[in-house]
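A short worksheet on the structure shown next.
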Amino acid sequence: MQDLIRQLLAELGEDPSREGLLNTPKRVEKALKFLTGGYDANLDEIVNGALFTVDYSEMVIVKDIDFYSMCEHHLLPFFGKCHVAYIPSNKVIGLSKIPRIVDMFSRRLQVQERLTNQIADTIRDTVRPLGVSVVMEATHLCMSMRGVEKQNSFAVTSAMHGVFRDQVRTRMEFLELIKLRSGVSAARESTSASLACMGED
Ligand SMILES: [Zn+2]
């Protein structure tokens, strides 16, 4: 990877042998491996048996989970907050596991819509709850740095399964509890990714 990064620097018009760039290929390789470490993550190792039988059927919410991902269209970061809710059927998952599941899928080349779905599907398949909902709001540097559209806007995506999909009241309760920073109204709870990077240019 380091040779490729030296080549890239040269293509950009830089001198890869100047002092400030000498160790850059090594650092970039290390950074990229960390930022895409989610490919090597193993769900079973992350969950590690932290599923517990309970008699509890109220909404469990983990909100404001910070996440950092990389847009697959431009290889630039997008980052923001992820909010997860589920209603247990008879199992709950250790709360610390949810941010780790978010990391597992964030640390890959992604589009925000797929990332949101993968987190929701994984929680659905692992916890088998009555319903699960994931809402993500993110800033895309490929848009803000390049001056595309509104530079301070968030892209909001959501995925709803089970009772969150079927019951408006449950969905509204969750959306009310997370109070999106972006001020997206509850009426727009369905995937509203118009501001996410579409990779058109
Ligand atoms: Zn992009």
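Quick check: is even one residue across the range 123-146 within 14 Å of the ligand (Cβ to nearest atom), loosely packed, with under 15 Cβ neighbours inside 10 Å, more than 13 Å from residue 89 (Cα to Cα) and modelled with pLDDT under 95? Yes, the range 123-146 has at least one match.
Annotation for the range 18-25: no member residue is part of a strand (DSSP E or B) and charged (D, E, K, R).
Conditions (1) in contact with a His (Cβ under 7 Å, 6 or more places away or on another chain); (2) β-branched (Val, Ile, Thr), marked per residue:
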| site | (1), (2) |
| --- | --- |
| 95 | no, no |
| 102 | no, yes |
| 106 | no, no |
| 126 | no, yes |
| 132 | yes, yes |
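Being assigned to a helix (DSSP H, G or I), more than 16 Å from the ligand (Cβ to nearest atom) and farther than 30 Å from residue 169 by Cα is not true of residue 13.
Taking the range 105-122 as the range and being open to solvent by 10 Å² or more (accessible area, probe 1.4 Å) and either among the charged types (D, E, K, R) or farther than 18 Å from residue 64 by Cβ (or both) as the test, the residues that pass are 107, 108, 109, 111, 113, 114, 117, 118, 121, 122. Filtering the range 52-80 to residues that are away from the ligand (no atom under 11 Å from the Cβ) and hydroxyl-bearing (Ser, Thr, Tyr) leaves 53, 56, 57, 68. Looking at the range 20-78, which of its residues are among the charged types (D, E, K, R), open to solvent by less than 80 Å² (accessible area, probe 1.4 Å) and over 20 Å from residue 140 (Cα atoms)? The one that is among the charged types (D, E, K, R), open to solvent by less than 80 Å² (accessible area, probe 1.4 Å) and over 20 Å from residue 140 (Cα atoms): 29.
When residue 114 is tested against the conditions (1) within 16 Å of the ligand (Cβ to nearest atom); (2) touching a strand residue (DSSP E or B) at 6+ places or on another chain (Cβ under 6 Å); (3) among the basic types (Lys, Arg), the lone failure is (2).
Checking 131, 162 one by one, the residue that is within 27 Å of residue 53 (Cβ to Cβ) and in contact with a Phe, Trp or Tyr (Cβ under 8 Å, 6 or more places away or on another chain) is 131 and no other.
The values are calculated or read from the model by the stated rules, or taken from the named source; none is laboratory data. Since this is a predicted model, take the numbers as computed values, not measurements. Don't worry about glycine lacking a Cβ; one is built from the backbone with ideal geometry, like all the others, and counts go over all protein chains shown. With ligands, DNA and RNA removed, areas are computed over all heavy atoms of the protein, side chains included. Shrake-Rupley method; radii C 1.70, N 1.55, O 1.52, S 1.80 Å.
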